[in-house]
1. Kirkwood Rh, Cα Rg: Rg to Rh for segment B:267-382?
2. What's the local net charge at B:Thr5, with K and R +1, D and E -1, over the other residues with C-beta under 11 Å away?
3. May I ask you to derive the relative contact order of chain A, considering only C-alpha pairs under 8 Å and at least 6 residues apart, and to give it as an integer percent?
4. How big is chain B by Rg and Dmax over its Cα atoms, in Å?
5. Any chance you could check the Cα centroid distance between segment A:109-175 and segment B:362-405 for me, in angstrom?
6. Could you tell me what percent of the DSSP beta bridges with both partners in segment A:267-382 are antiparallel, to the nearest 5?
7. Where the Cα atoms of segment B:220-310 are projected onto their three principal axes, how long is each span, largest first, in whole Å?
8. In what sequence do B:His267, A:His236 fall when counting other Cβ within 10 Å, fewest first?
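What follows draws every value from the coordinates through simple rules; no lab data is involved. If you're wondering where the values come from, they're calculated on a predicted model, not measured in any experiment. FYI the Cβ positions are ideal-geometry reconstructions off the backbone, even for glycines, and counts take in every protein chain you see.
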2 protein chains.
Amino acid sequence: MSDFTSTLAAFAAGPITTTAQARIVTSLSVLDWVAVGRAGINEPVSTIVRDMAMDEAGAAQAHLFGGGAAPLRTAALVNGTVSHALDYDDTHFAHIGHPSVAVLPAALAVSEWDDRILVDLLKAALVGMETSIRIGLWLGRGHYQNGFHQTATAGAFGAAVAVGRILGFSAGQMRQVLGLTATRAAGLKAQFGTMGKPYNAGMASAAGVEAALLIHKGFDPNANAMEGPFGFGATHQGAADDAAALDGLGDEWLFESVSHKFHACCHGLHAALEAARDLDIAEPEVAEIKVNTHPRWMSVCNQMSPTTGLEAKFSYRAVIAMQALGYDTALPGSYSQKVCADPRVKSLQDRIVVEADEALSETQAHLALLRRDGARLEATHDLMTPISLPDREDRVRAKASKLIGTDEADAIWSMLRTGGRARDLAAKLAG
Amino acid sequence: MSDFTSTLAAFAAGPITTTAQARIVTSLSVLDWVAVGRAGINEPVSTIVRDMAMDEAGAAQAHLFGGGAAPLRTAALVNGTVSHALDYDDTHFAHIGHPSVAVLPAALAVSEWDDRILVDLLKAALVGMETSIRIGLWLGRGHYQNGFHQTATAGAFGAAVAVGRILGFSAGQMRQVLGLTATRAAGLKAQFGTMGKPYNAGMASAAGVEAALLIHKGFDPNANAMEGPFGFGATHQGAADDAAALDGLGDEWLFESVSHKFHACCHGLHAALEAARDLDIAEPEVAEIKVNTHPRWMSVCNQMSPTTGLEAKFSYRAVIAMQALGYDTALPGSYSQKVCADPRVKSLQDRIVVEADEALSETQAHLALLRRDGARLEATHDLMTPISLPDREDRVRAKASKLIGTDEADAIWSMLRTGGRARDLAAKLAG
């Protein structure tokens, strides 16, 4: 068969050739995911979902962020939710979503339970995340723009495939797990801005685990439930663009171009913060800063005078002022009521002007700094510009160090690069 | 607020006035559901899903069909799947689905865990099933025709509301649970004819329990995620017809017109079997039987010469011959390879002619019996014709007696009609 599901299934179950870039980026995403998850342990949504898991008790099959263990499906639900609670995990623009938060909780839980080595986990996770991205492309922008949250919908398929790979699925079983996931995958953007957003990620991860465990036990679903007039694509306003999704599959790893977030705020602010970083702004010199950004972001993250930490996370003026004044925008704790009330932040904020600019893409920002001495400096940043592997490693490890301490970040990185068992990594979720 | 979600939430949380008809039909549906679930315990899909639950172990919060207990979410998944495994549970034509299999597993699990009396369970279940039907109407035929399985999609909302009612939700919490369920509800008709169909019911039931438990713990989702351009209705090809859904809400119980299945075969055959029952056919007299049915069914259940039990369940000729020859069409075990090979069945089958008839609705069938003595008898049956309450009670209790024995059926019926605790009913799932 040469349909979409069969092609993806053959890739997911078959021999793969990875690149050094893909392997290192995957390891960096695992480190980033552990660090971001640990930083999210005490968020209210994390506490609620963990609490439900604790009530259920059950076999201690897989570790949870925040300590304790739970059955596989539940661990995926909890860890997916916790690791997306801060919205600080990795993003892929082609996937239109966050690949790690749906796939890694599922892949790690099952790798730990099956006592696999980390190399197996990394390979299965890479295949799963690549599958999420390919399915994200297959569904296309219409699926997202009409209301579906690709992190959750495409993510569930990626989680299912990653677990299937750990369990040694044949191509036939991969087809089955994709077909079964088609009836379970869900998630609406209507939940953005609420606890429902991180829950969508946990839900996707749990859906993938559940589907894969059932197929492993001999469940016999319709394996062709992704394509066709009644399949997941057509019913969920997907483009079902096979060519876009399958181009280069197996030869090229789209996951290599995943973005890591280096600021604990809305992604719409990141290009501007990177451009400001290039300008190395010193507050006393600033007469005015003009920020140009894609019009889409004006209604998303242009809070003019934020007063709470959450509002600051959606404010160009606040985050650029914070960075210039030495607040660490990588730390979630930096965004607070206190920082909003800091007179130096307020003063600098009043010298920052934000303008929509049709000429920029959604991943670009342009900054113009007018200094008090009359000098005018400019910088443009595009988040799509590839970051060199050494730079990326430095920045992800620095971010992880800030979130969980250098000793822990280094220990996890060393484990990922030198090998070891999945269960030792899983034990690091406790925090 | 007067939006759709708020109106439904106010109904679901508020004081209700039931009718004797609604109360008795609900009790009959509970008896029918227990009997059908017990009859489905050993189906392959039941074994697989139960097996996953057993691996997870966990707090013994709620009984399972087939024995043992599991946490609430898992019990709902298992019991929803098992009770839909034979596709022999109740159906509602306006809902376009099976209301009991999504709602009752959720409502019973939580009632047992919270040690509630059966009256509370029955009331919550009625409100949940009425909600499923109303949401089924709101989504409309387009949602179903385009590929969604209303039993699962609308069913998840009904399950959530039933659990919310047991947990004492305010109208605000009901809005929240509907909003959270909107991001989790799923299920495709593409799974029809496979294990995925009963799984859809279990999945819906578990989704409702999960959403309600999270809201109970303080989860704060977007409560307005059903309506609007990015809500569940619009994203899932629903008509979002508020007027159709809300007409008579609170005054009229649409659940009263639920249909119980009295033959363990495809629903498309039931009107013909009922008409044949009216004719009281004796095999030796038959020269020819002409069956007229809606054209839709010709591709669904008109197997000409079935050789397996499954094929017989989709064959007008086989089931009418079986009934005339005294095989009990209410027993799943009657449909077998052996019955297909019975020369008497084969001989009578060859005297039965099936024709599509545009003049009939999907719920109607017309039979014309030509006797060897030249007499011609005719009968028409419409499944939409209301069945009197005493007749319905007789037939549901007779069906339950056949499936689980008269003693058990009578004990459950007496429990439901005279009161008692939900946990005593739950203990009856073991079989």
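1. That ratio equals 0.93.
2. -2
3. 20 percent
4. So, for chain B, Rg and Dmax equal 21.5, 74 Å respectively.
5. Computed from Cα coordinates, the inter-centre distance equals 50 Å.
6. Beta bridges within segment A:267-382, antiparallel portion: roughly 75 percent.
7. Extents along the principal axes: 66, 33, 25 Å.
8. Taking fewest neighbouring Cβ atoms as first place, the list is B:His267, A:His236.
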